[in-house]
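The values are calculated or read from the model by the stated rules, or taken from the named source; none is laboratory data. As the structure is a computational prediction, the values presented were derived from the model and not from experiment. Note that we place each Cβ from the backbone using ideal geometry, even for glycine, and neighbour counts take in every protein chain shown. Each accessible area value is taken on the protein alone, full model and side chains, heavy atoms only, with ligands, DNA and RNA left out. Shrake-Rupley method; radii C 1.70, N 1.55, O 1.52, S 1.80 Å.
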Amino acid sequence: MRNYVKKIVWCMCFAVLWSAYAQQAEHKDALKLYNADQYEEAIDVCEKEIAANPESLDSYCVLCWALVANKQYMAAEERASKARELFPYDVRLIEVLAEAKFYQGKNKEALALFQKYVSTAPESATRYGRAYFFMGEIYIRQAQYNHADIALTTSVRYDAMRFYWWSQLGYAREMCKNYQTAIVAYDKALSINPSDYDSTRGKARCESHL
């Protein structure tokens, strides 16, 4: 009888551990799918995780990243906003909500969220430089080119291998009539992507002013 009870207890413990392992594996799969650009599959996995556990923060984050990457910006905004009701201070949700708003042209709201993100997230955060890039893009939209220069200069400090970021920095400096420093930025973009047409034209325009 005692051995029978032990066997039942062991089976119950194994079932609990296996369930936890399965949930963890499913989440890892969602992140792996996202990183592999399989966004629809990642969304599906995350939705199932959230249905099973409505307070799964990581699932909400991966879901919203995948929705933005899949260009489902309204859905990303809706889900990120709902997730923030549960986790108002999570910096990942703040940043992805800012991106969702950015892509819908909600510049003022997006900018406020990006500013909140960079003021609260650690500088080692994966999307720290990315947030400054989006801030620079918003400032370009608003024709605030000096602000754009500052934000984009900061962005490339955290990720110097994004040619488009350098190209946009060159454009912001060009609009400020800082032609020499604009050429430096355009040259950096072209060193990463020699075929970048916008940087080639931007550099030529700046050289014509010297």
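Structure summary
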quantity	calculated
Tilt relative to the chain, helix 91-102 - C-alpha long axis, 0 to 90 degrees, to 10	50 degrees
C-alpha long axis of helix 197-208 to longest principal axis of the chain, angle in °	30 degrees
Farthest toward positive dipole pole in region 43-97 [+1 Lys/Arg, -1 Asp/Glu at C-beta], among N53, C64, F87	C64
Rounded accessible area of V91 (nearest 10 Å², 1.4 Å probe)	40 Å²
Accessible surface ranking that places the most exposed of K203, K101, K48, K108 first, with a 1.4 angstrom probe	K108, K48, K203, K101
Karplus-derived 3J(HN,Hα), 6.51/-1.76/1.60, for each residue of region 40-52, Hz, glycine and proline x	5, 5, 4, 4, 4, 5, 5, 4, 5, 4, 5, 4, 6
Taking only Cα atoms of region 35-110, radius of gyration then Dmax in Å	11.5, 35
Computed [θ] at 222 nm, deg cm²/dmol, the chain (DSSP H ≥ 4; -39,500 (n - 2.57); rounded to nearest 500)	-26500 deg cm²/dmol
Stokes-Einstein D in µm²/s, Kirkwood radius over Cα pairs - region 111-210 at 37 °C with 0.692 mPa s viscosity	245 µm²/s
Cα-based helix-to-principal-axis angle, 179-192 vs the chain, degrees rounded to 10	50 degrees
